[in-house]
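Read the figures in this text as sums done on the coordinates, not as results from a lab. Bear in mind the structure is a predicted one, so any value in this text is a computation, not a measurement. Cβ atoms come from the backbone with ideal geometry, glycine included; neighbour counts cover every protein chain shown.
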Amino acid sequence: MCKSFLLACSLLMLAACACAAQTPPRPADAVPPQGGAPASRRVEGQTLVSAGRPALRIKFDRAFKYAGTQTFILYDVARAEQHFFVDADKDGRIRRLYWVQFEGYLPTNQHTYDYSETKEKINLGGFEFVTDAVAVNLAAVLSQRTDSDGARARAFLESKGYRVAGNDIMWRRLVHLTDASRRDELLIIYLEDMDGTGLTAADVTGQGRAAARWPEISRQLLKRATQGIEIKRN
């Protein structure tokens, strides 16, 4: 959903795939495994096409393989449609990931999304996104709602043979509200495994030994996140 804490926990649950068995990735499957309605967006090669809310095309770098889509009702208040593009090794260990989520509140409620506390903004293809970054250790979260979007993402990727291998991850969240009603949103979450960086989440947060470097690290993370995609109006 729209709260930073919930999204951080969701991503941690996704990364908990590190506990999954090492099975080779299976082909992408457009049929949602959890009984959701068929996805209303489609993928053409490396391009995700959305006809509305919002109408756009997102082209992904060829290093990222489409892993599939699923839809579901989130917390009984919103409909969510997820798409995943992964950069993984032959054993399905994810190095980098794009998690795209189209989400909108159901007509049975009056909820709205609120990102007023997220100040950083960026324009991609004529669309304004708010954006923030987080580095987290997987062991930091002891429990998570099994019906969250992150838990569902984790289960879906697991079912395809994918997992995040390391103990620490960092991610950039980009959020676009589709209109003034603030009832529909597009989330693009770019995640990287921190293994191989020489740093942990603890190093770059709080009083960590590299905390002073986090602003630059997060800027470079945003640069890589935006370099891997091209957004155009549809």
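Converting phi to 3J(HN,Hα) with the Karplus coefficients 6.51, -1.76 and 1.60 and the offset θ = phi - 60°, the range 164-177 yields 8, 7, x, 8, 10, 9, 9, 8, 10, 10, 10, 10, 10, 8 Hz in sequence order, with x at every glycine or proline.
Do any GluC sites (Glu not before Pro) in the range 115-201 lie in a DSSP loop with no more than 11 other beta carbon atoms within 10 Å, and if so, which? Mind showing how you got there, number by number?
On the way: sites: GLU117, GLU120, GLU128, GLU158, GLU185, GLU192; in loops: GLU117, GLU120.
Within the range 115-201, the qualifying GluC sites (Glu not before Pro) (loop, at most 11 other Cβ atoms within 10 Å) are GLU117.
Neighbour counting of Cβ atoms within 10 Å sorts the residues HIS83, HIS176, fewest neighbours leading, into HIS176, HIS83.
When the chain is fully extended, how far beyond the present Cα-Cα distance does ASP76 get from THR47, taking 0.36 nm per residue of separation?
Gain in length upon complete extension: 7.4 nm.
Contact order, relative form, for the range 81-234: 27 percent (alpha carbon pairs under 8 Å, 6 or more residues apart, mean separation divided by residue count).
Residue exposure proxy: VAL77, VAL164, ordered by other Cβ atoms within 10 angstrom of their Cβ from fewest to most, comes out as VAL77, VAL164.
Give the order of ILE73, ILE217 when sorted by the count of other beta carbons within 10 angstrom, beginning with the fewest.
Least crowded to most crowded, the residues run ILE73, ILE217.
Taking the DSSP bridge list for the range 94-212 and keeping only pairs wholly inside it, about 95 percent are antiparallel.
When the pairs LYS90/LYS121; LYS90/LYS232; LYS160/LYS232; LYS119/LYS223; LYS119/LYS160 are compared against a 27 Å limit on Cα-Cα distance, LYS90/LYS121; LYS90/LYS232; LYS160/LYS232; LYS119/LYS160 fall above it.
Roughly how far apart, in whole Å, are the Cα centres of the range 58-79 and the range 196-219? Computed from Cα coordinates, the inter-centre distance equals 29 Å. ARG95 sits among other residues whose Cβ lies under 10 Å from its own Cβ, and their net charge, with Lys and Arg +1 and Asp and Glu -1, is -3.
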